[in-house]
Amino acid sequence: MPLIEVSRLTKVYQVPLRQPGFTGAALSLVRPSYKAVTAVDGIDFTIQAGEMVGYIGPNGAGKSTTIKLLCGVLAPTSGSVSVGGLDPHRRRMENARRIGLVYGQRSQLLWDLPVRETFYLLRRIYQVPESTYRENLADFGRTFEIDAVWDTPVRLLSLGQRMRAELAAALIHSPPIVYLDEPTIGLDVLAKSRIREFLRQMNRRRGTTVILTTHDLRDVEEVCDRIIMIHQGRLVYDGALEGLRGTFGERCTLTLELEEAAGGAVAPEVALDDDVRLIKADGKRVELAFDRRRISAPEVIARACAVLPVRDLVLRETDLESVVKQVYGGNGIENGNGNGEGRGGGEP
Amino acid sequence: MRTFGSYVGLYLCYLRVNWLALMAYPTEFWGNNLGNVAGNLLGIAAVGIVFGHVRAIGGWSFDQVLFLYALAMVARSLWHLFMVNCLNLPYYVQRGTLDRLMVRPVNILFQVYADYLDNDDWGEAVIGLVVLGTLSVRLGLVGVGPEVGLARSLTNVLWLAVIALSGTAIFAAIHLAANTTSFWLVQAGAVSQLVWQVDGFSRYPLNVYSRPLRFVLSWLLPFGFINFYPAHLFFGPSGVPEGGGLLWVARLTPLVAAAAFGLAYRFWQAGLDHYQGAGS
Amino acid sequence: MNVLTNFIPLPGPLRYLAYTRAAVARVLAYRVNFWMGAVGTVLGMTIQYYLWTAIYHGEDGALAGYGAVEALTYVILGQALQGFLHPEGDPLGRKVRDGSIAVDLARPADWQWVVFWDYLGGSLFRWLTTGVPAMVLFTVVGAVAAPPSLGAFLVFLVSAFLGFVLLFAWHFLFGLLSFWTKGGGLIDLKATAVSLFSGALVPLEFYPPGLRRMAMALPFRGIYYLPLSIYTGRLGAGEAAGALGWQAAWAVGLFLMARVLWRRATRSLVIHGG
Ligand SMILES: Nc1ncnc2c1ncn2[C@@H]1O[C@H](COP(=O)(O)OP(=O)(O)O)[C@@H](O)[C@H]1O
Ligand SMILES: [Mg+2]
């Protein structure tokens, strides 16, 4: 039996509308009017114990809403969620015991107090047995360097230190399921990679199920075996990371501005092999995508400059937004089937 | 399932972290309590100033009015010292921080109360207790001598404790209900602000108000059960303006308190089901 | 002197009216709060009505020289004025503590005036929309007496405004403490001083002699006691004129004192790299 089962899950927010004017305000007191916002729209997926799933989508796609539904914070508008056989909203307490939750933007650490106080309190809240508590602390102490900040008030921690303490706090009760909502937001490269490393380790050693929302592509690349992608509340891809290789692989986009309209005839010469792909060429603008690990940026630029009258260029990392756009637009992405239950391929 | 004992342990742990955090700002602690003491002495002084000119208000003597006043102070301060954070409920709802409490295996309201305590109301608690104690002796409710009697003293002390706790529950119920509106209203702080105004009614005996007001303050916002009705338990039929007729109402106080809190709690649960979190 | 030339904002205070308007808009933005505040004011007046009716019940004569109607008028109007003269306000301290003062300081405007006009906007609006109609209502149903003459009423308005300036200066002075204490702890103390010595709750004539002498010597009675006494007709024309002068002197004095301290405070803010 899968650990998490989500079927036809829908969440509609009722957003109160503010009517303009004085009478409008008075009226809204008596008869408030609402606008319905469908944040999650009929999603289905199942997750097995021990999986590491990247739950991705652009801003506002409905990721956080899904996490809240899985945690039992919100009740679904329709459809159902089952986590370990329980309805997480109705059986909130029992569900809460076996999940750990990390919000990138919200802290659960006690702001004015030394880090240790948060852990004392959480130990009580989750009724963690003495032995587990010690083991976990020793474990985190090593990976997250918690000992170094143990007596430091939280408000004096650096962002990276705080995020590590945050993770340790969320895991102190050894939850079998861990949800992370944008945990690497705002962190530097080093801090990010440490967190990824730890998540991988934890999954390997303890078999923890990890569900990670992010819009950093590297997070999913390095941590997750499986991707669930949503867009405007709908599931658009579910499957192995490999299925998205074509788009994910090309992590860089080079936009060239030409002296004169070279026309589509010249541009393809740059993108001769698999390493560099032509995305767009219209008039004076040419867009190329390439994988940095296979060909270096200077090489691509040199190649382009050799055949095209380049006046200016911009180099940037491919962001999730454009990946989703490509997937959503059906740009040659096949349904993934890494887990034998690929769904994906949302309506074009 | 969590046992009652584990809640006690958890609560002590919460007390510890809250008080540690408050101790990080010792000047605030002293400043707030100094202001609090002054404010409460002023309230008592205002009663005293008026009684400098009259012998009774609504048939109640100075000592009796002060007794009522002190009873409300004790209940209000107990509520304030341990349950004041429900006033922040609108912020929890609007900013979505209630999420954080909802993913923990602990009763949510318990967490709201324990999440933040302030230490600003010790002045009211101490002054209330001192005044209540002094007046209990002066009014002959409690005493060591033969004129009161040990049995009567003990009964009165017991009733006082029950009434104070019932009053705390009534304050808790009213403020919980008022702040639970924040699950539906965007500017819910306002309802709570209004409740504070109504609290002003509880400072004087209910029989000075008109019938409709009295009804509201007894059965809708039961401030009357914090001090006015319970007073009838102590002063005897000849000591109160309306005679012994209200004694049976006074005995209902613990029930009214339990019912009020029960209702408020149901309302709160309905609010939780309506909770939508905050947009990211 | 630097202080004095700055006391009168050179481009004229009218340009600060924008802040007054913004304050009104802010009150309006929180309409539910506004309505609840209005209901709260009426409730407060109602409490006073019943309480003082009970106090005078069975007393045929006057208490402390006040007849029932005069006392009721005094305390109920006192409640109605609380929207305008809110003893618990903290316009400056709040800004210092939440840091929004930095934004205001960056503006090319005289900041003490900015706070003044801003505060006046909210207070005046609240009073005009709740205190005044509620007072009219209480007068119409005969719970309180109307002022003895139109002249007395106009003098009362001037006196109430001076009371506002006095209270503002006091709040401002106290708010300056926030620069050093960083906490709002003493606010209750400040409000208590105002409530006790201004005669906001009970006419000062009711006070025991010692306390009354103290209240009479302190400036706070200019906030409630004097305007209310003018309204009830207790002060005749001559006395009222004296009262206005007394209020004005204190208002200007405290305002200037706040100004000097304010310079000090902002200087220390700059030194500490604010
Ligand atoms: N509490 C809420 N009330 C109303 N609308 C919300 C709320 N939370 C999220 N939304 C809306 O629902 C949609 C999905 O939001 P969210 O789940 O936070 O997306 P993501 O986490 O993927 O950025 C957005 O349009 C957002 O504005
Ligand atoms: Mg989100």
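The values are calculated or read from the model by the stated rules, or taken from the named source; none is laboratory data. Predicted, not measured: the structure shown is a model, and the values here were computed from it. Neighbour counts run over all protein chains shown; Cβ positions are idealised from the backbone, glycine included. Ligands, DNA and RNA are stripped out before the accessible areas are found, and what is left, the full protein with its side chains, is counted by its heavy atoms. Shrake-Rupley method; radii C 1.70, N 1.55, O 1.52, S 1.80 Å.
Data table
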item: Subset of the range B:102-117 (residues that are surrounded by 20 or more Cβ atoms within 10 Å (Cβ to Cβ), in a helix (DSSP H, G or I) and within 12 Å of chain A (Cβ to nearest Cβ)); result: B:Met102, B:Ala114
item: Check on C:Leu218, of a type in the set (A, V, I, L, M, F, W, C), out of contact with any Asp or Glu (no Cβ under 6 Å at 6 or more places or on another chain), surrounded by 22 or more Cβ atoms within 10 Å (Cβ to Cβ) and more than 14 Å from chain B (Cβ to nearest Cβ); result: no
item: Among residues of the range B:144-180, those that are touching a helix residue (DSSP H, G or I) at 6+ places or on another chain (Cβ under 6 Å) and free of Cβ contacts under 8 Å to residues at least 60 places away in the same chain, counted; result: 1
item: Qualifying positions in the range C:128-151 - surrounded by 14 or more Cβ atoms within 10 Å (Cβ to Cβ) and assigned to a loop (DSSP other than H, G, I, E, B); result: C:Ala143, C:Val144, C:Ala145, C:Ala146, C:Pro147, C:Pro148
item: Some residue of the range A:130-146 being at the interface with another protein chain (Cβ under 8 Å from one of its Cβ atoms) and either part of a helix (DSSP H, G or I) or open to solvent by less than 70 Å² (accessible area, probe 1.4 Å) (or both); result: no
item: Considering residues of the range A:45-64 that are open to solvent by less than 10 Å² (accessible area, probe 1.4 Å) and either of a type in the set (S, T, N, Q) or away from ligand 1 (no atom under 16 Å from the Cβ) (or both) only, the residue farthest from A:Leu217 (Cα to Cα); result: A:Ile47
item: Residues being closer than 28 Å to B:Leu117 by Cβ and of a type outside the set (Ser, Thr, Tyr) - total across the range B:27-66; result: 17
item: Breaking point among (1) surrounded by fewer than 23 Cβ atoms within 10 Å (Cβ to Cβ); (2) among the hydrophobic types (A, V, I, L, M, F, W, C); (3) touching a residue at least 12 places away in the same chain (Cβ under 8 Å), for B:Leu185; result: (3)
item: Matching option when the condition is touching a helix residue (DSSP H, G or I) at 6+ places or on another chain (Cβ under 6 Å) and open to solvent by 40 Å² or more (accessible area, probe 1.4 Å), among C:Phe156, C:Phe125; result: C:Phe125
item: Residues (open to solvent by 30 Å² or more (accessible area, probe 1.4 Å) and at pLDDT below 85) located in the range B:192-211; result: B:Gln193, B:Leu194, B:Trp196, B:Gln197, B:Arg203
item: Unmet criterion (only one of (1) assigned to a helix (DSSP H, G or I); (2) more than 22 Å from A:Val115 (Cβ to Cβ)) for A:Met229; result: (1)
item: Output for the range A:63-99, where each listed residue is assigned to a strand (DSSP E or B) and either more than 9 Å from every other protein chain (Cβ to nearest Cβ) or within 15 Å of B:Leu98 (Cα to Cα) (or both); result: A:Ser78, A:Gly79, A:Ser80, A:Val81, A:Ser82, A:Val83, A:Leu86
item: Residue under evaluation A:Phe248, criteria (1) within 16 Å of ligand 1 (Cβ to nearest atom); (2) open to solvent by less than 50 Å² (accessible area, probe 1.4 Å); (3) modelled with pLDDT under 85, criterion not met; result: (1)
item: Residues being outside any loop (DSSP other than H, G, I, E, B) and closer than 24 Å to A:Thr46 by Cβ - total across the range A:178-204; result: 9
item: Residue in the range A:77-94 that is near ligand 1 (Cβ under 10 Å from one of its atoms) and within 27 Å of A:Arg200 (Cβ to Cβ) present; result: no
item: Complete set of residues in the range B:10-42 that are of a type outside the set (A, V, I, L, M, F, W, C) and either in contact (Cβ under 8 Å) with a residue 12 or more places away in the chain or open to solvent by less than 40 Å² (accessible area, probe 1.4 Å) (or both); result: B:Tyr11, B:Tyr14, B:Asn18, B:Gly31, B:Asn32, B:Asn33, B:Gly35, B:Asn36, B:Gly39, B:Asn40
item: Enumeration of residues in the range B:172-227 that are within 19 Å of the chain's Cα centre (by Cα) and of a type in the set (Phe, Trp, Tyr); result: B:Trp196, B:Phe201, B:Tyr204, B:Trp219, B:Phe223, B:Phe225
item: Given (1) hydrophobic (A, V, I, L, M, F, W, C); (2) under 26 Å from B:Gly59 (Cα atoms); (3) touching a residue at least 40 places away in the same chain (Cβ under 8 Å), number of the condition C:Ala62 does not satisfy; result: (3)
item: Test for A:Gly24: is it at pLDDT below 95, outside any loop (DSSP other than H, G, I, E, B) and closer than 28 Å to B:Tyr92 by Cβ; result: yes
item: Among residues of the range A:86-129, those that are open to solvent by 20 Å² or more (accessible area, probe 1.4 Å), in contact (Cβ under 8 Å) with a residue 60 or more places away in the chain and among the hydrophobic types (A, V, I, L, M, F, W, C), counted; result: 0
item: From the options B:Val8, B:Val37, B:Val47, B:Val17, residue that is more than 7 Å from chain C (Cβ to nearest Cβ), out of contact with any helix residue (DSSP H, G or I) (no Cβ under 8 Å at 6 or more places or on another chain), modelled with pLDDT of 90 or more and in a helix (DSSP H, G or I); result: B:Val8
item: Criterion: surrounded by fewer than 22 Cβ atoms within 10 Å (Cβ to Cβ), in contact with a His (Cβ under 9 Å, 6 or more places away or on another chain) and among the aliphatic types (A, V, I, L, M) - qualifying residue of C:Leu105, C:Leu63; result: C:Leu63
item: Flag for A:Arg196 being open to solvent by less than 40 Å² (accessible area, probe 1.4 Å) and within 22 Å of A:Gln105 (Cβ to Cβ); result: yes
